[in-house]
Amino acid sequence: MDKKIKCGLIIGAAALAFFAYKNWSKKIKKQIEEQEKQENEELETLGISTDKLSEEIDPYDDKNNMVKALATSCFFNPEVDYDIVDVEKALDASRLISVSQENFMFRGTETTDLVYYFDIPNYLKGGYSAPRLGDYCNAIRDAADKAWSEIVRFCPKPRCRLTGMMVVSYNDPSDPEDRTSEKVEIDDPTIYEELKTEFGHDGFGLGKLYEGLVNKNLPDSVNNKLYAWVHKKWDTEKLGDFEIVEIQLVYRVSFVMQGKDGIGINIKTAFQTLKMFTEELEIKRGGHGNAVKYENVLFCAPSSRYSDRFDLTHYYYVNEDNKIDVDNYSM
C-alpha cells in the first residue's frame, strides 16, 4: 500500500476516534449534569439549600464529610424545627441522637459508615410504665430496618448493636488550664462477660454492667477489670485530675455511605432517615402505654487532636456569622 494512502488512513481513523470520544464525553457530561440537577431539585424539595451546601462544604477539606453536609442541610432548613438541632438543648437532653461517621473493616473491605448513636437514659428510674432497655433496643432496631427498607433501600442492611460508652474528663497535657472530655466505646467484652445471662448475649452483660454501676453493687472482679481497661486506654498517671464522669448505654445504627457505585446512604436519604427517627420513632414499655421520643440531635465533628477521626464530644454549630463552626464540650 502506498505510504501516503496508509498515512491518510491512520490519520482518518485517529480523527474518527477523536470525534467519537468527544461525542461520548459530551454525552457523559450531559448525563452527569442532568443527574446533578435532578439531585439538587430533590434536595430543594426537602428544604435543603444547595447554595448553602456549596458555600459550607469545601470540596477538598470536607471531601466525604457527610455529617457536616447533613448538619448544613438541617441548620439552614426552614422545614426543620430548630429546637431539634439546637446545640444547647441537645447537650441537656437525656435522649439524644449523635450523628457521626467512622471507617470500618468489614469482611476485608474498608467502608465509611454514617452512624446514628442513640443515648439510652437511665431506664431504672420511673414507674412501671417507663420503657426498659429491651424496649429501647427493639424500637430503635425496628426503626432502622424501616429506614433501610423504605428510605435508604439501595444499601447493605444497617449494622445495629448496643454498646457501652465511657465518658472521662482530664486536664489537657498541652494546656493544664484546659479541661477536656472524651466519650469512648468500652471495646473489651471480657470486662462484663461474667455478667451475661444464660442467653450469652453481649447486650445482657452490658446492661448488667450499667445497672451494677448505677446501683453500686458491681462485683469487685468486674470493677477491677473495668479500671484495668481504663488505665490501659489512658495513661492516667500523666493526665492531670483524671476522672471517670459516667458510663452510658448507647444503641448505634450505621449505614454504609454511598460510593461511586451508587450503593449506600446519601445526603437525601440520611436527612429523611434522621427526620423519621425524630418524628416517628416512639419507645413504649412492652409496646404499650406512654411513649418517649428522640427529639434532639447533635452533629459530631472531627477531633481537634485527631483531625481524621470524628469525636462524640466535638460538634458542629452555627456561629455568629451564620457559618458552620466546630466546638467541643467537657463534663
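Quick notes
- Every condition in (1) out of contact with any strand residue (DSSP E or B) (no Cβ under 8 Å at 6 or more places or on another chain); (2) loosely packed, with under 14 Cβ neighbours inside 10 Å; (3) closer than 25 Å to Glu282 by Cα is met by Ser73 except one, and the failing one is (2).
- Output for region 270-287, where each listed residue is of a type outside the set (Gly, Ala, Ser) and touching a strand residue (DSSP E or B) at 6+ places or on another chain (Cβ under 8 Å): Thr273, Leu274, Phe277, Thr278, Glu282, Ile283, Lys284
- Some residue of region 278-299 being closer than 19 Å to Asp81 by Cα, hydroxyl-bearing (Ser, Thr, Tyr) and surrounded by fewer than 20 Cβ atoms within 10 Å (Cβ to Cβ): yes
- Output for region 44-63, where each listed residue is touching a residue at least 60 places away in the same chain (Cβ under 8 Å) and over 20 Å from the mean Cα position of the chain (by Cα): Leu46
- Hey, Val214 closer than 30 Å to Asp142 by Cβ and either touching a helix residue (DSSP H, G or I) at 6+ places or on another chain (Cβ under 6 Å) or surrounded by fewer than 16 Cβ atoms within 10 Å (Cβ to Cβ) (or both) or not: yes
- Test: residue in region 137-144 that is free of Cβ contacts under 8 Å to residues at least 60 places away in the same chain and out of contact with any Pro (no Cβ under 7 Å at 6 or more places or on another chain): yes
- Matching residues, region 140-197, being of a type in the set (Asp, Glu) and more than 30 Å from Gly286 (Cβ to Cβ): Asp172, Asp175, Glu177, Asp178, Glu182, Asp187, Asp188
- Considered as a group, the residues in region 252-274 that are more than 16 Å from Ile48 (Cα to Cα) and among the small types (Gly, Ala, Ser) include one that is surrounded by the fewest Cβ atoms within 10 Å (Cβ to Cβ), and that residue is Gly262.
- Contact map, region 303-325: residues that are farther than 18 Å from Asp58 by Cβ and at pLDDT 95 or above paired with residues that are of a type in the set (Gly, Ala, Ser) and not in a strand (DSSP E or B), Cβ distance under 6 Å, separation 6+ or inter-chain. No pairs are found.
- Strands (runs of 3 or more DSSP E) contained entirely in region 238-317, each with at least 2 residues that are under 16 Å from the mean Cα position of the chain (by Cα): 240-256, 297-302
- Residue within region 166-176 that is assigned to a helix (DSSP H, G or I), surrounded by 12 or more Cβ atoms within 10 Å (Cβ to Cβ) and over 18 Å from the mean Cα position of the chain (by Cα) present: no
- The residue pairs whose first member lies in region 257-283 and is more than 21 Å from Ile120 (Cα to Cα) and polar (S, T, N, Q), whose second member is part of a helix (DSSP H, G or I) and at pLDDT 95 or above, and whose beta carbons are closer than 6 Å, counting only pairs six or more residues apart or on different chains, are Thr269/Ile151; Thr269/Val152; Gln272/Ile151.
- Qualifying positions in region 78-122 - of a type in the set (Ser, Thr, Tyr) and either part of a strand (DSSP E or B) or touching a Phe, Trp or Tyr at 6+ places or on another chain (Cβ under 7 Å) (or both): Ser98, Ser100, Thr109, Thr111, Thr112, Tyr116, Tyr117
- Those residues of region 254-291 which are at pLDDT below 95 and touching a Lys or Arg at 6+ places or on another chain (Cβ under 8 Å), in sequence order: Arg285, Asn290, Ala291
- Extreme residue, surrounded by the most Cβ atoms within 10 Å (Cβ to Cβ), among residues of region 106-136 that are over 30 Å from Ile263 (Cβ atoms), touching a residue at least 24 places away in the same chain (Cβ under 8 Å) and of a type in the set (D, E, K, R): Asp135
- In region 64-93, the residues that are over 17 Å from Cys300 (Cα atoms) reach residues that are small (Gly, Ala, Ser) and part of a helix (DSSP H, G or I) with C-beta atoms within less than 9 angstrom, at least six apart or across chains, in these pairs: Val80/Ser73.
The values are calculated or read from the model by the stated rules, or taken from the named source; none is laboratory data. The structure displayed is predicted, hence computed values, not measured ones. Positions of Cβ are generated from backbone atoms using ideal geometry, with glycine treated the same way; all protein chains shown enter the neighbour counts.
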